[in-house]
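Coordinate-derived values only; no laboratory data. If you're wondering where the values come from, they're calculated on a predicted model, not measured in any experiment. Note: ideal-geometry Cβ built from the backbone for every residue, glycine included; neighbour counts use all protein chains shown.
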Amino acid sequence: MIVPTTKLFELAYGKYAIGAYNINNLEQTMGLFRGNLESSAPFIIQISKGARSYTHKKMLESLIRAADEIFPEAIFAVHLDHGDEATCLDCINSGFYSSVMIDASHEDFETNIAITRRVVEAAHARGIVVEAELGQLGGVEEHVKVSESEAKLTNPDQAKEFVEQTGCDSLAVAIGTSHGAFKFTGDQVLRFDVLAEIQKRLPGYPLVMHGSSSVPQEEVERINQAGGNLKGAKGVDADQFKRAAELGVTKINIDTDGRLVWTRVHREHFLEHPENFDLRAPGKVFMAEYAKFIAQKNEKLGSAGKLEEVRRALS
Ligand code: G3H
Ligand code: 13P
Ligand code: ZN
C-alpha cells in the first residue's frame with residue numbers, strides 16, 4: 001500500500017528512522033519488498049533522475065505497482081530523490097509519487113528558497129509533500145562531484161528560516177555525510193552537535209540524512225578479492241542511526257550499500273562460475289542477499305518490527 005511520506009514521519013519521529021532505498025531495476029525491487037516484509041518494516045522507495053532515465057520513467061512505476069500487488073501487506077511511500085524543478089513537476093503531475101525532493105542546495109540561499117517554494121506550491125496543490133535540502137554534501141550525485149572540503153554543513157539558523165519561508169515538509173541536512181563509497185576521507189565526523197542545534201530550532205520537524213550508506217568493510221574486502229578495486233572505501237557507522245533518529249532524523253537514505261551487494265554478488269558469481277552466462281543465476285542470489293541486507297539495515301534504523309503499528313495507525 002502506497003502511503004503519504006508525512007504519515008510515516010509522524011509515526012517515526014524521535015523513535016526510529018524510515019529506510020529510504022533507491023531502486024533501478026526488477027531485482028532490487030523484489031529484494032527490497034522481501035527484505036522489508038521479512039523485517040516487518042515500513043519503507044520509502046526512492047527513484048532518482050538517473051533511475052527514471054535508465055530504462056523509461058514508466059518502467060519503475062510499473063514495477064512498483066506490480067510489487068504492491070504481489071506483496072499487499074507492504075506499507076511504503078514512493079519518493080523522487082534529488083529532483084530538479086522540472087522533474088519534480090513531472091512527478092507531481094504523474095499522480096504516482098507520495099513525495100518529491102527538490103534539490104536546489106547548490107544554489108545560493110535565496111534562489112534555493114525561491115525554487116523550493118515554487119515546487120512546494122505545485123506539490124501541495126496536489127496533496128504531495130516536499131523534501132528540500134539546505135547545505136551541501138560531498139560525493140557524487142547526478143554526475144556532479146563535490147569534494148568533502150567543498151561540502152557545506154547546514155546552518156541551523158538558516159534551516160529554521162528556510163523551512164518557514166518555503167513551507168517544505170522535511171529537510172535534508174548536511175551534517176558530515178557524503179554520497180558514494182568514499183566517506184570521511186579526511187578528519188570529518190558525523191556532526192551530532194549541528195543536528196542537535198537544528199532540532200532545537202525545528203522541534204518535531206522531520207529531518208533527512210542523505211549519504212548514509214555504511215560501506216561495510218567485509219563487503220569491500222569481498223569485492224576487492226573478487227577483482228574489484230574499492231580501496232579506501234568507508235561509510236557511516238550504522239550504530240549511529242538511532243541517535244540520529246532521536247535528534248529528529250526520520251528518513252535515512254541508502255543507495256551505495258545496495259550497489260555494493262550487487263557488485264559483490266556478481267563478481268563472486270562469475271569468478272566462481274566462469275562458464276555461466278545465465279543472468280538469472282546471479283540475479284536470484286542478489287535478490288536473496290539484497291533482502292537480507294535490507295532486513296539487517298532496518299534493525300539498525302529501528303524500523304524493523306514497526307509495520308503492524310503503522311498499519312493500525314493508518315486504519
Ligand atoms: O544520491 C544519489 C543517489 O545515490 C542516486 O544515485 O543519481 O546515480 O541514481 P544516481
Ligand atoms: P549513499 O551514497 O550513502 O548510499 O547515499 C544515498 C543517498 O543519499 C540517496 O539520496
Ligand atoms: Zn542523496
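Numbers at a glance
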quantity: Those GluC sites (Glu not before Pro) in segment 33-118 that DSSP places in a loop and that have at most 15 other beta carbons within 10 Å; calculated: Glu73, Glu107
quantity: Sequence ranges 121-130, 3-12, ranked by mean other-Cβ count within 10 angstrom, highest first; calculated: 3-12, 121-130
quantity: Helix 26-38 vs. the chain, principal-axis angle (Cα, 0 to 90°, nearest 10); calculated: 80
quantity: Interchain or long-range residues, amide H under 5 Å from Gly305's placed H; calculated: Ser40, Ala41
quantity: Cα-based convex hull volume of the chain per residue, rounded to whole Å³; calculated: 122
quantity: Cα pair distances exceeding 20 angstrom across segment 55-131, given as percent; calculated: 36
quantity: Selected from Gly186, Gly127, Leu202, residue furthest toward positive end of dipole (the chain; charges at beta carbon); calculated: Gly127
quantity: Nearest-20 debye value, the chain charge dipole, Cβ charges on Lys, Arg, Asp, Glu; calculated: 520
quantity: Cα gyration tensor of segment 214-315 - equivalent ellipsoid semi-axes, whole Å, descending; calculated: 31, 19, 8
quantity: Charge sum, other residues only, whose C-beta stays under 15 Å from Leu271's C-beta, Lys/Arg counted +1 and Asp/Glu -1; calculated: -1
quantity: Added length on full extension, which subtracts the Cα-Cα distance from 0.36 nm per residue, Ile2 to Leu230; calculated: 78.4 nm
quantity: Sites Ser53 and Glu308, calculated FRET efficiency, Cβ-Cβ separation with R0 30 Å, nearest 0.05; calculated: 0.20
quantity: Neighbour-limited loop hits for GluC sites (Glu not before Pro), segment 247-312 (at most 12 other Cβ within 10 Å; DSSP other than H, G, I, E, B); calculated: Glu275
quantity: Whole-number percent relative contact order across the chain, with pairs defined as alpha carbons under 8 Å at least 6 apart; calculated: 24
quantity: Kirkwood Rh, angstrom, segment 269-311 [1 / mean 1/r, Cα pairs]; calculated: 12.5
quantity: In nm, spacing of pseudo-spin labels at Asp193 and Gln165 (7 Å Cα→C-beta vector); calculated: 2.7
quantity: Amide proton proximity set for Ala172, modelled H, under 5 Å, gap of 5+; calculated: Ala132, Glu133, Leu134, Val208
quantity: Cubic angstrom per residue, convex hull over Cα atoms of segment 64-208; calculated: 136
quantity: Segment 51-70 versus segment 194-230: alpha-carbon centroid distance in Å; calculated: 26
